[in-house]
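The next block holds one structure in the form of structure tokens; read it before the comments.
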Amino acid sequence: MPDALIGPNAVTQLVAAARDQLGPAYADRMLRDAGLPRYIVQPPTKMVPEREVAALHSALAETSPRKAALKIAADAGVRTADYLLKNRIPVAARVALKCLPADLSARLLLRAISRHAWTFAGSGAFHFNARRPVSISISGSPLFADRQAAPFVDTYFRETFRRLFQVLVHCNCTCRDHGNSPMESGGTRFALIW
């Protein structure tokens, strides 16, 4: 059975954040340790197997001090959100979401995200509750299989969603724990509040 696929930003933004924070040599080593040296020369532009994304997060966990890895994962999440805002969410939708009441914007945004969840959750399951506080969960994803890397995957997803909601729903949106930690659940569950 072939791997589920995930958007290339899961690789390119993590590598870009690592490169900016710890240098090109570190980012290249992380790609080699993940078994992805081909992305040193030619970053992916199409969907990638989720096992590659999992391997990259594992390499991040193995090669970085925890504080640095969390910072890289958070930066990659923000970069991914900014890419989506610029390239994947139409201008009209961005304007409309910003003009609507926050609760309605959140519901509409989550419905749209849910339709495209396969692009970031891969074979995992994406669920949400749009009532405040908004709760989001991703479960059963191989991205969380490596317990050492799971906190960094969790941080990546939290920061991606926080940034999207901060720009499109409410400027004071923050993220907090909601339920099990990623290591206990094999996924992530968090709340967005404003």
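The values are calculated or read from the model by the stated rules, or taken from the named source; none is laboratory data. All values reported here derive from a predicted model rather than from experimental measurement. Virtual Cβ from ideal backbone geometry, glycine too; neighbours counted across all protein chains shown.
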Tell me, please, whether a residue that is among the polar types (S, T, N, Q), outside any strand (DSSP E or B) and surrounded by fewer than 20 Cβ atoms within 10 Å (Cβ to Cβ) can be found in segment 94-109. yes
One residue from 45, 12, 63 being modelled with pLDDT under 95 and of a type in the set (S, T, N, Q): 63
So, first residue within 13 Å of residue 164 (Cα to Cα) and free of Cβ contacts under 8 Å to residues at least 12 places away in the same chain in segment 90-103, second residue among the aliphatic types (A, V, I, L, M) and not in a helix (DSSP H, G or I), Cβ within less than 9 Å, six or more apart or across chains; the pairs are none
Considering every residue within segment 122-142, establish whether at least one is within 23 Å of residue 15 (Cβ to Cβ), in contact with a helix residue (DSSP H, G or I) (Cβ under 8 Å, 6 or more places away or on another chain) and of a type in the set (Phe, Trp, Tyr). no
Restricting attention to segment 8-48, and to residues there that are polar (S, T, N, Q) and within 21 Å of the chain's Cα centre (by Cα), which single residue is surrounded by the fewest Cβ atoms within 10 Å (Cβ to Cβ)? 45
Select from segment 122-133 the residues that are within 21 Å of residue 60 (Cβ to Cβ) and surrounded by 17 or more Cβ atoms within 10 Å (Cβ to Cβ) and list them in ascending order. 122, 124
Under 7 Å between Cβ atoms, which residue pairs at least 6 apart in sequence (or on different chains) link something in segment 20-33 that is in contact (Cβ under 8 Å) with a residue 40 or more places away in the chain with a partner that is surrounded by 16 or more Cβ atoms within 10 Å (Cβ to Cβ) and part of a helix (DSSP H, G or I)? 21/71; 21/72; 21/75
Failed condition for residue 44, given (1) assigned to a loop (DSSP other than H, G, I, E, B); (2) touching a strand residue (DSSP E or B) at 6+ places or on another chain (Cβ under 8 Å): (2)
For segment 1-12, name all the residues that are assigned to a helix (DSSP H, G or I) and either over 15 Å from residue 160 (Cα atoms) or touching an Asp or Glu at 6+ places or on another chain (Cβ under 8 Å) (or both). 11
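The rows are residues; the columns are (1) charged (D, E, K, R); (2) at negative phi; (3) surrounded by fewer than 21 Cβ atoms within 10 Å (Cβ to Cβ).
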site	(1), (2), (3)
135	no, yes, yes
140	no, no, yes
156	no, yes, no
167	no, yes, yes
170	no, yes, yes
